[in-house]
Amino acid sequence: MTYAHNKANGSHAGSSHASAVPHIRSVSLDRPWAWLSAGWDDFSRAPMVSLSYGIALVAVSYMLVLGLSSVGLFYLVLPLVAGFMLVGPIVAVGLYEVSRLHGEGRPAGLSDAFGAYARNAGQIAGIGLALMLMLLFWVRVALLVFALFFSYQPPTLEGFVNTVFFTEQGIMFLIVGSAIGGVIASAVFAVTALSIPMLLDRDTDLFTAITTSITGVMKNWKTMAGWAGLIVLFTAAGLATAFIGLALALPLIAHASWHAYKDIVGD
């Protein structure tokens, strides 16, 4: 009876430990550059895996643009491109796995990257679904803002760039849309910056991972704000090259994000 009682208590204690929020470290303001350096090392160790991810993203981006243009919905490209920042963390799970294996001194291949989604699958799928819903919410909000400024008459494909970027109406639309999108993106960043790598790395639950991520971001808000700015800068550079630069930017950001998680989240 004593053995059974102790075993039950031991099981309960183990469950409590698994759900505990881990120690959050404070990191210096210059750490994002170290994360990028470590991310580049991961990229260099598995260039084919990393580039395959990046090239696949570029291909999907072109198919999306061509598909929307063919049905007269080119104006949706802008909010969807901005919305990529919301779902990027879940897309990068396979690249997190590559960095995780490298950290253990093991090689990583495409099969490892694709198989990463099976690790803690239910929890990762849960946060992935939440991000997709957030993306749909953002697109809906963006369309409402678009309708407010353009009266449900979207500019033609030929005049889209001139209307949106070089008219007073278009500039105001970009300012308002960027402000709203920035608020949504900041909230998503706080929730996902550390939680998705943690779900891959540990047998933990979604609530604990999200709590850890928000706590880590808030405790290191200056450093994480700088890191978020670098992510936006690298992504914008990739987009400015007609999506081609994303083939390099996405893997680099993903690998670096893994090292940000390992740097901030302790045992």
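The values are calculated or read from the model by the stated rules, or taken from the named source; none is laboratory data. Note that the structure is predicted; figures quoted are calculated from it, not measured. Here the Cβ positions follow ideal geometry from the backbone for every residue, glycine too, while neighbour counts run over all protein chains shown. Remember, those area values only see protein heavy atoms, side chains included, never the ligands or the DNA or RNA. Shrake-Rupley method; radii C 1.70, N 1.55, O 1.52, S 1.80 Å.
Could you look through the stretch 216-242, keep only residues that are among the aromatic types (Phe, Trp, Tyr) and surrounded by fewer than 20 Cβ atoms within 10 Å (Cβ to Cβ), and pick out the one that is farthest from VAL27 (Cα to Cα)? If you could, list the steps in order and put the result at the bottom.
Looking only at the stretch 216-242, we keep the residues that are among the aromatic types (Phe, Trp, Tyr), and these are 221, 227, 234.
Narrowing the set further to residues that are surrounded by fewer than 20 Cβ atoms within 10 Å (Cβ to Cβ) leaves 221, 234.
Values: TRP221: 10, PHE234: 22 Å.
Across the stretch 216-242, the extreme among qualifying residues is PHE234.
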### Message
I'd like to verify a number: residues in the stretch 81-120 that are on the phi > 0 side of the Ramachandran plot and among the small types (Gly, Ala, Ser), how many?
### Response
1
### Query
Limited to the stretch 117-127, what total is found for residues that are in a helix (DSSP H, G or I) and either open to solvent by less than 70 Å² (accessible area, probe 1.4 Å) or modelled with pLDDT of 90 or more (or both)?
7
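With more than 25 Å from HIS255 (Cβ to Cβ) and not hydroxyl-bearing (Ser, Thr, Tyr) as the only criterion, which of GLY103, GLY72 stands out? Explain how you work it out, then say what you get.
Details: GLY103 fails: more than 25 Å from HIS255 (Cβ to Cβ).
Checking each option against the conditions leaves just GLY72.
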### Message
If a residue must be open to solvent by 60 Å² or more (accessible area, probe 1.4 Å) and either in contact with a strand residue (DSSP E or B) (Cβ under 9 Å, 6 or more places away or on another chain) or modelled with pLDDT of 85 or more (or both), how many such residues does the stretch 134-170 contain?
### Response
5
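Residues of the stretch 1-29 being among the hydroxyl-bearing types (Ser, Thr, Tyr), at pLDDT 95 or above and either open to solvent by 80 Å² or more (accessible area, probe 1.4 Å) or closer than 24 Å to VAL98 by Cα (or both), which ones?
The answer is SER26, and nothing else.
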